[in-house]
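A.B. asks: Have a look at this one.
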Amino acid sequence: AHAARLASGLAAKASDAAAGAAAAAAARAARAGAADAAVAAASRGSGSGEEPAGGEERPSRSGGAKSLPGATLTSGAPPDAGAWSLEGLADLYTGLSGALLKEGPPSAVYLGVYEAAKAALLATPAISPDPLVAYLLAGAAGETVGSVIRAPAEAIKSRLQSGADSTTADSVRSVLGTAAGRANVMRAWSSSLWRDVPFGAIQLAIFEGLKTYIINSPDIVVDVDTLLAEALFGATGGAIGAFLTTPTDVVTIRILTQGTGVDEACDEQACTLPVGFVGMAKEVYAQSGAMGFLQGARARTLYWAPAIGIFLSCYCSIRQAAVTSSLFG
């Protein structure tokens, strides 16, 4: 009898639990139905002839912000819960071909000239006692020669990424196919020397200087030839060099992206003639003051620190492998 009463009680509790679950499911379904009905009503209201005049976009419920390109929203999700599509992700790589053209050949020339100049300078009695001077001068020489290739390549990349041109071919025509474009490249090249030459000298001098200092310090036990150590040394040199050359980078980028043709340099009121380094520096100061020359300093430093770390560590690893295997005799 006791077992029967116990079974009966358990059955009653199970029945109550099932009834409660069914009621909760019904309530959730009712709320979902009400939400769908509200969305449908809002959709019908938006198509009831109250379209903004002049083809203007209707503000969204999130304060009038436009939908992000490439973002898709799932049904019933809030506007800020959009998932980026592959098309939106691909937009981050706009101008990749121009960037490869800008960095590949000039970097090869830069390092080739640097190694040759460094060997010659370290063999010079007047400079050999102070290797840091040799690293600075060799890095500056390498960057000077490499900049001859980098300047037009950077102009092409900058126009692509700024949206001035839609394809690499259009940018090449704009930069090299017109007299105004070539003149602008020359202005940009002359100004980029103030940025790239000290940057190239500083990053390699710090990289080589840190390695030399640790090698000559018996209290520091670190293998400076490991990939990680060289990446850290390169990142340090890249960060310091990038920050110190931010002012000239601001001026150079402004020169690269300024209008060079009638359609770009003129509006209904007046025409703006392209300017050189000094003229653009005056414009930056007039618009933003002294702090205008540090615009993007953090982003530039954070970009170049890992980039130079990867660049120099990979270069040293490839160079060491080539020497070990007697690839060059």
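A.B. asks: What ranking do 289-295, 275-281 get when scored by the average of other Cβ atoms within 10 Å per residue, highest first? Each step should come with its number before you reach the end.
C.D. replies: Numbers: 289-295: 13.1, 275-281: 17.1.
Taking the mean over residues of other Cβ atoms within 10 Å, the ranking is 275-281, 289-295.
A.B. asks: Counting only protein chains, not ligands or nucleic acids, how are Asp130, Asp219 ordered by accessible area (probe 1.4 Å), most first?
C.D. replies: Ranking Asp130, Asp219 by accessible area, largest first, yields Asp219, Asp130.
A.B. asks: Taking a probe of 1.4 angstrom, what is the accessible area of Phe311 in Å², to the nearest 10?
C.D. replies: So the heavy atoms of Phe311 present about 60 Å² to solvent.
A.B. asks: How much net charge surrounds Gly279 when only the other residues with a Cβ under 14 Å from the Cβ of Gly279 are counted, with Lys and Arg +1 and Asp and Glu -1? If you can, show how the numbers build up before the last one.
C.D. replies: On the way: positive: Arg187, Arg254, Lys282; negative: Glu283.
After counting each charged neighbour, the total is +2.
A.B. asks: Moving on. Could you tell me the calculated FRET efficiency between Asp170 and Leu227, based on Cβ-Cβ distance and R0 = 41 angstrom, to the nearest 0.05?
C.D. replies: Values: r = 40 Å, r/R0 = 0.97.
With a Förster radius of 41 Å, E is 0.55.
A.B. asks: Determine the gain in length on full extension of the stretch Ser288-Ile310; use 0.36 nm per residue of separation and subtract their C-alpha separation, reporting nm with one decimal. Can you show the working numbers first?
C.D. replies: Values: separation 22, 0.36 × 22 = 7.92 nm, distance 3.39 nm.
That works out to 4.5 nm of additional length.
A.B. asks: Fully extended, how many nm does the chain gain between Ile215 and Val323 (0.36 nm per residue separation, minus their Cα-Cα distance)?
C.D. replies: Here the answer is 36.9 nm.
A.B. asks: With a 1.4 Å probe and all protein chains kept in place, how much accessible area does Arg254 have, in Å² rounded to the nearest 10?
C.D. replies: That residue has around 70 Å² of solvent-accessible surface.
A.B. asks: While we're here: Can you run phi through the Karplus equation (6.51, -1.76, 1.60; θ = phi - 60°) for segment 100-113 and list ³J(HN,Hα) in whole Hz, with x for Gly and Pro?
C.D. replies: 5, 5, 6, 9, x, x, x, 5, 5, 5, 4, 6, x, 5
A.B. asks: Under a plain spin-label model, where a point goes 7 Å from the Cα along Cα-to-Cβ, how far apart in nm are Thr178 and Glu115?
C.D. replies: 4.1 nm
A.B. asks: Now a separate question. For the pair Arg298/Leu122, report the inter-label distance in nm, with labels modelled 7 Å from Cα in the Cβ direction.
C.D. replies: That separation, rounded to one decimal, is 3.9 nm.
A.B. asks: Taking θ as phi - 60°, what are the ³J(HN,Hα) couplings along segment 236-244 by the Karplus curve (6.51, -1.76, 1.60), each to the nearest whole Hz, with x for Gly and Pro?
C.D. replies: 5, x, x, 5, 5, x, 5, 5, 5
A.B. asks: Ignoring ligands, DNA and RNA, please state the percent of accessible area on segment 111-192 from carbon and sulfur, probe 1.4 Å. Numbers along the way, then the final one.
C.D. replies: Working: 2530 of 3610 Å².
Looking at segment 111-192 in its full context, I get 70 percent from C and S.
A.B. asks: Sticking with this one: Using a 1.4 Å probe on the protein heavy atoms only, what accessible surface does Leu92 show? Give it in Å² to the nearest 10.
C.D. replies: Leu92 exposes around 130 Å² with every protein chain in place.
A.B. asks: With a 1.4 Å probe and all protein chains kept in place, how do Tyr213, Tyr110 rank by accessible area, largest first?
C.D. replies: Values: Tyr213 145, Tyr110 5 Å².
Final ranking, largest accessible area leading: Tyr213, Tyr110.
A.B. asks: Still on this model: What's the extension gain from Leu89 to Val145 if we count 0.36 nm per residue and subtract their Cα-Cα distance? Write out the running numbers ahead of the final one.
C.D. replies: Numbers: separation 56, 0.36 × 56 = 20.16 nm, distance 3.53 nm.
Extra length from Leu89 to Val145 when fully extended: 16.6 nm.
The values are calculated or read from the model by the stated rules, or taken from the named source; none is laboratory data. Please read all numbers here as calculations on a predicted model, not as lab measurements. All Cβ positions, even for glycine, are placed from backbone atoms using ideal geometry, and neighbour counts span all protein chains on display. The protein model used for the area step is the full one, side chains on, heavy atoms only, and it has no ligands, DNA or RNA in it. Shrake-Rupley method; radii C 1.70, N 1.55, O 1.52, S 1.80 Å.
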